[in-house]
Amino acid sequence: MSGKRIIKSIYPALILVVLYVVITTLRSVKVLNGYYIQVLMFASINIIMTSSLNLVNGFTGQFCIGHAGFMSLGAYGASVITSMVFKNAPAGATIPVYLLGLFIGGCVAAFFGLLIGIPSLKLKGDYLAIVTLAFGEIVRALLRLMKPIGGARGMIGIPMISNLGWIFLFLGIVLYALRNLIYSPFGRAFIAIRDNEIAADAMGINTTFYKITSFVIAAFIAGLAGGLYAHVVGFIQPDSFSFTKSSDFLVYLYAGGSGSLTGSIVGATLLTILPEILRFLSEWRLVIYAIILVVVMIYRSEGLVGGKELPFLRITRKDLYGGTLPQASSAGGKEET
Amino acid sequence: MSFLEITNLSIRFGGLVAVDDFNLSLEKGELVAIIGPNGAGKTTIFNMLTGIYKPTTGSIVLDGENMVGLKPYQFARKGITRTFQNIRLFSNATVADNVKIAHTMHNNQNLAKCMIRTPGMRKSEVELDRRVIELLDKLGLADKADFLAKNLPYGDQRRLEIARALMTEPKILLLDEPVAGMITTELEDMARLVPQIRRDFDVSIILIEHHMNFVMPIADRIKVLDFGKTISEGTPEYVQKDPKVIEAYLGGGYTQNGTA
């Protein structure tokens, strides 16, 4: 019984490990080249970004459209740590410095998330969209002016430490933490605010507090993803994190299906890989990509997975009791009368 | 001083006085009904009693504590919870989750514990689930715990709203037209349920309703509102015979068995 539960709780991690082993094996026998590996790393980073955006837009019902701004803060924060502050760290300290950089990057993004979240999330309605849109552009403009960190030309020589292993590790941690959060009192409060803010308020939920919490967590995760990204490419510039980038994450989110972590995984993975597959079309690539998106939105407006969730990305009432509900009276899982 | 003391409560919207000089003393365990024609200001009173509107003048004192100026979630935390006339459930959440959401303010598991899902957190989730099922069982909804709220039939949605309000552990429960739009059998169920809730959960209840047949047998006292003013108050028997009430609200043709 308990052995079975342990296996059940770690098998999602096993999936990632198996995937990692398979990919690295394929890489070592030269079936996959470095380009494929990089696409996979970008896909994983995009999953992290999309699920963090999902927390705000999909689960809390707010509308953040400047998520790349947080990603850039994280990318710059982490890169400053690894390639400037601890530039001359001994070889053995590379990994601790890298992890510290990722953490600091996340914190910088979370700090700015708090800073703009406090005034704008007190308001109701669509103000957050306007504020985050402006925020993303302000961050970009300010970074362009900051000469010590490269200004508009960007930062070069960032150690390329992020490999598929690290990225998978953080992907696993982020998805696990987000799932746990969503199926907790916090996540239920987020969903309550999304479904009916007035009722949430009337049930004793401090909606402003929970909206800010959701937003700051999302900003932290986006910052983390930014740090991972910077250490994949080794070069970042303010214009890598423009509004176009933010809108990419929105597209991944809504094409995959908002309000579902599975949707974020499917959306980000497919739509990161799709443009690469379509490369043979050269200049027609983006046209076809856009047409595919339009078709998806027309025929599956609720997203590709439409609110469904993989078993290990949700926690049902059955899971609480380790598989079986205490009374026979429950209808268990049925959703339609 | 009573448990809940509402004095000289008034609210203006521009030139319109929606509620004028409303007074109510509510004792623990009492059930008071507010009746009156559409637009009389009944729901506006509820909106002031839950912090959605701030009264222009007057005071709301719960257990010796002034409530005016608090935010809606603070009203709920102090022990006044409501249901809504136009049902406001968390429609994409399950029935069980709707009720669990109302327990959020009593949650003692912090963010880190929730993200890691510590054994203590799991245990509190199981305990919460047991309590929720127990509560749903009392309201006859236990077998629908895993349904999405939006898929429930209308009468069940109304009862889920009450279950959700009860989960906040209120001292005072405000029911805004709990039988609006219900068919006779559902109405009879509710007429049994409301006094039972009052007994089992040890709450005072303020009830807004149009259905006279529903209100008369269960209310201790009735207040009658018309155009924001209190025109009559007293026992159901007294109010029913008050000529002012008959004229303003019930109309000339009202009989013992009729509905307004």
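In a GNM of chain B with a 10 Å cut-off on Cα contacts, which of B:I183, B:I60, B:I197 has the highest mean-square fluctuation? Between B:I183, B:I60, B:I197, it is B:I183 that shows the largest mean-square fluctuation.
Round to the nearest 0.05 the FRET efficiency obtained for A:R144 and B:L16 when R0 = 35 Å and r is the Cβ-Cβ distance. It comes out at approximately 0.05.
Largest GNM mean-square fluctuation among A:Y229, A:Y76, A:Y321, using chain A with Cα springs under 10 Å: A:Y321. In chain A, which longest range has no GluC sites (Glu not before Pro) that are both DSSP loop (not H, G, I, E or B) and surrounded by at most 13 other Cβ atoms within 10 Å? Excluding the exposed sites themselves, the longest stretch runs over A:1-334.
Look at the alpha carbon pairs under 8 Å that are at least 6 residues apart: their mean separation over the length of region A:255-305 gives a relative contact order of 52 percent.
Summed over qualifying helices (DSSP H, 4 residues or more, each -39500 (n - 2.57)) and divided by its residue number, chain A shows a 222 nm mean residue ellipticity of -22000 deg cm²/dmol. Relative to the longest principal axis of the Cα atoms of chain B, helix B:154-167 runs at roughly 70 degrees.
Counting only DSSP beta bridges with both residues in the protein assembly as shown, the antiparallel share comes to about 55 percent.
Checking every one of the trypsin sites (Lys or Arg not before Pro) in region A:69-170 against DSSP loop status and a limit of 16 other Cβ atoms within 10 Å picks out A:K87, A:K122, A:K124.
Taking a span of 18 Å or more along the helix axis (Cα atoms) and a mean Kyte-Doolittle hydropathy of at least -1.0 as the rule, the DSSP H helices of chain A that qualify are A:2-28, A:34-54, A:67-80, A:94-121, A:127-145, A:164-182, A:207-233, A:243-256, A:261-277, A:285-299. With respect to chain B, whose longest principal axis is taken over its alpha-carbon atoms, helix B:184-200 is tilted by about 70°. Taken along the Cα-to-beta-carbon direction at a fixed 7 Å, the label points for B:Y238 and B:S25 span 1.3 nm. Please check which bits of region A:177-212 a label hung off B:F201 would reach, taking the label as a point 7 Å along Cα-to-C-beta and the cut-off as backbone N under 15 Å. Once the point is set 7 Å along Cα→Cβ of B:F201, A:202-204 turn out to lie under 15 Å by backbone N, inside region A:177-212.
Other protein chain C-beta atoms within 10 Å of residue C-beta, averaged over B:90-98: 5. Neighbour counts of C-beta atoms inside 10 Å place B:S25, A:S184 in the sequence B:S25, A:S184, starting with the fewest.
Quick check on my link table: of A:K318/B:K144; A:K87/B:K113; B:K113/B:K171, which ones sit more than 24 Å apart, alpha carbon to alpha carbon?
Exceeds cut-off: A:K87/B:K113; B:K113/B:K171.
None of the figures in this text is laboratory data; all of them are computed from the coordinates on show. Just so we're clear, the structure is a prediction, and the values are computed from it rather than from any experiment. Using ideal geometry, Cβ is built from the backbone for each residue, glycine included, and neighbour counts are taken over all protein chains shown.
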